[in-house]
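The values are calculated or read from the model by the stated rules, or taken from the named source; none is laboratory data. Here the structure is a predicted model, which is why all the values come from computation and not from measurement. Here the Cβ is made from the backbone with ideal geometry for all residues, glycine too, and neighbour counts use every protein chain on show.
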Amino acid sequence: MKKLVLSCVTVTHHSQVVLERLAASLRAHPPAEPWEWVIVDNNSGGEALAEMRRVTDGLPVHIIPLAENVGFGAANNLGVRHALGSALCLLNPDTEVLEGTFAGLGKHWHKRQITSPQLQDSDGNVLETVRRWPTPWGLLGRRLGRGRTAMPTQETRVAWTQGSFWGMGRTVWDELGGFDERFFLFLEDTDLCRRAAERGIDRVYAPQIVARHGRERLSGRGIWDAVRKRTFWWHVRSAGQYFWKWGLW
C-alpha cells in the first residue's frame with residue numbers, strides 16, 4: 001500500500017447539497033498522489049449523514065459524525081488528528097477543485113507556508129479572500145460595504161487569507177497547533193495566520209492556482225441583513241475574542 005501524501009479535511013453542518021458538488025469535482029480532478037478525504041460533521045443528523053455517504057460513495061472518504069456542533073475550528077482540528085497525509089488541504093464543503101488545483105498546490109507542500117489559491121464564483125468572478133489584519137472599524141466598514149481589498153494578480157505574501165481553502169505541509173499545521181478552539185466560527189483563520197506570522201511562516205496567495213467557492217460568505221452580508229441571523233452574533237463574539245487576544249490593531 002502506498003503511503004498517503006495528501007489528506008483533504010472538510011467540516012460540514014447540514015452541507016450535503018453543496019458537498020455533492022465538491023465530491024463530483026474531486027472525482028473529476030483528484031490529486032495525483034495517494035490521498036484521503038476526512039469529513040467531520042457537526043451534528044447534522046441521520047438523514048444528512050446518509051445523504052453525505054451517498055454523494056461521497058467510491059471516494060477514499062472517512063466521515064466522522066459528531067453528537068454536537070463543536071465549531072469550525074475544533075472540528076477541523078479533530079479531522080487533522082485523524083488525517084494520515086504528510087500534506088493537508090483544508091477545504092470548505094461549498095468549494096470545488098478544478099483541473100490543476102492539486103497540481104499547483106503540490107508545488108508548495110514542502111514550503112514553510114500556508115498557500116491559498118484564487119477562488120472564483122460559478123461565473124468566474126474572482127472572490128476577495130485576502131485581508132489586512134482586522135481592526136474594529138475595519139470590520140464595521142466591511143459590513144457597510146467599504147474597505148474592499150484589491151486582489152493580487154501574482155503570487156504574493158499577504159497578512160492573512162480566508163480559510164475556506166488552504167494547503168500546507170503537516171509540519172506547518174503541527175507547529176501552529178491547529179485552530180484556537182475558543183473561536184467557534186469566524187476569525188479562527190485570521191488568528192492562525194497571525195500566529196503563523198509570529199513564527200515566520202509565510203501566508204501566500206497563489207492566483208495561478210484556481211478553485212471555486214460559493215459566491216457569498218456567511219460573514220459577507222450587509223449589516224442590516226446580518227443582524228437578524230445567528231451567524232452575525234457568532235462573528236461579533238469571535239471579533240471580541242480576537243481583539244482581546246491581539247489588541248485593537
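Some values worked out for this structure:
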| item | result |
| --- | --- |
| Given (1) more than 22 Å from residue 238 (Cα to Cα); (2) free of Cβ contacts under 8 Å to residues at least 60 places away in the same chain, index of the condition residue 26 fails | (2) |
| Cβ-Cβ under 9 Å pairs, at least 6 apart or on other chains, the range 189-216 side closer than 17 Å to residue 119 by Cα and modelled with pLDDT under 95, far side β-branched (Val, Ile, Thr) and not in a helix (DSSP H, G or I) | 214/95 |
| Output for the range 96-107, where each listed residue is outside any helix (DSSP H, G or I) and either surrounded by fewer than 22 Cβ atoms within 10 Å (Cβ to Cβ) or without any contact (Cβ under 8 Å) to a residue 40 or more places away in the chain (or both) | 98, 99, 100, 107 |
| Checking residue 57 against (1) outside any loop (DSSP other than H, G, I, E, B); (2) among the charged types (D, E, K, R); (3) within 16 Å of residue 17 (Cα to Cα), the condition it does not meet | (1) |
| Lone unmet requirement of (1) at pLDDT below 95; (2) surrounded by fewer than 15 Cβ atoms within 10 Å (Cβ to Cβ) for residue 16 | (2) |
| Residues within the range 137-184 that are within 24 Å of residue 240 (Cβ to Cβ) and at pLDDT 95 or above, tallied | 15 |
| Hey, residue 98 touching a His at 6+ places or on another chain (Cβ under 7 Å) and modelled with pLDDT of 95 or more or not | yes |
| Extreme residue, farthest from residue 21 (Cα to Cα), among residues of the range 76-95 that are not in a loop (DSSP other than H, G, I, E, B) and not aliphatic (A, V, I, L, M) | 81 |
| First in the range 123-143 and outside any helix (DSSP H, G or I), second anywhere and small (Gly, Ala, Ser) and crowded, with 19+ Cβ neighbours inside 10 Å, Cβ under 7 Å, 6 or more apart | 129/116 |
